[in-house]
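What follows is calculated from the coordinates using simple rules that are stated; it is not laboratory data. Given the structure is predicted, the values throughout are model-derived calculations rather than measurements. As a convention, Cβ positions derive from the backbone with ideal geometry for all residues, glycine included, and neighbour counts pool all protein chains shown.
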Amino acid sequence: MLIVAIVLAVVAGVLLVIGRVMAGKAALIAGTETVKAAVIEADAKAVAAEIGGGSFSKYLEVKGTALCDSPLEAEFSGTKCVHYETSVVREYEENYVETDSGGKSRTGTRRGSETVSSSSRSCPFLVEDISGRIEVDPTGAKFHLETTMSRFEPGEGERTVGSYVLRAILAGGGGRRTIGYRFEEKCFPVGRQAYVLGEATDAGGALRVRKPTEKGKRFIVSLKSEEELIRSARLWAFWLTIGSGVSLAAAIVLLVLDLLWK
């Protein structure tokens, strides 16, 4: 009982920490100024004229339509996008033998899965608002994407999904019988409304929004709106805090019972 109480107390602490992180995320997004592309450009030019180019830096958020002259094509769906993530998971079954403490053996069949392929690609893009456009370098961003494919194909053997070719050599390895493959793909399509939270800077000779150099600052590229992100983070913070309180209360009860029964 004491061990369970300690585990619950640790869980309570972890949940509380994560809850505070989510609350901090909501506060950061809500407290960051939304700046139009033309204003960012004007501010950068003013700073360059005063103290030289490459000196402008501001943590901000921009909102607008994601545009790209040379977008990526997602591997599975062919969706024109600025970022995609894919995975191929093999689902299988295998026989196993278990031996109990008495030396008796029994056989059975169990199912499992393994990731046989995963990939992620991004490319620079523009965010266009009513005032103009600004470039975004998405390297290192936390993306909020939409699912463009989630498909299970039963059986073994080679197959082609979009530009992706699954080789037959992946099937049946290690004595496992392949049930099938699950294809998952998430994208940030071009032409969609984008929310970007990051550092606008002209360092390197070009004005763009990129991953902040300051430690602790978030870099987000999202299909969700600012309001949706704030609402989601606050909801997570609320339930994590509740979970922390429940776990702590349960830990205290078990500690008291443990003391009473001694």
Distance in nm between residue 120 and residue 235 label points, each 7 Å along Cα→Cβ, equals 2.4
Just how far, in whole angstrom, is the range 133-158 from the range 207-235 if you go by their alpha carbon centroids? 18
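State which entries of 45/80; 63/186; 36/211 exceed 30 angstrom in Cα-Cα distance in the structure shown.
Values: 45/80 33 Å; 63/186 21 Å; 36/211 18 Å.
Violating the 30 Å Cα-Cα cut-off are 45/80.
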Under 14 Å, Cβ to Cβ, from residue 210 - net charge with Lys/Arg +1 and Asp/Glu -1: 0
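If I take R0 = 51 Å and measure r between the Cβ atoms of residue 57 and residue 152 in this structure, what FRET efficiency does the formula 1/(1 + (r/R0)^6) give, to the nearest 0.05? Each step should come with its number before you reach the end.
On the way: r = 47 Å, r/R0 = 0.92.
It comes to 0.65.
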Only Lys, Arg, Asp and Glu count, each charged at its Cβ (+1, +1, -1, -1), so figure out the dipole size of the range 38-225 about its Cα centre, rounded to 20 debye. 480
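With r defined as the distance between the Cβ atoms of residue 128 and residue 50 and R0 fixed at 25 Å, what FRET efficiency is calculated, to the nearest 0.05?
Computed FRET efficiency for residue 128 and residue 50: 0.35.
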Sites residue 192 and residue 111, calculated FRET efficiency, Cβ-Cβ separation with R0 30 Å, nearest 0.05: 0.20
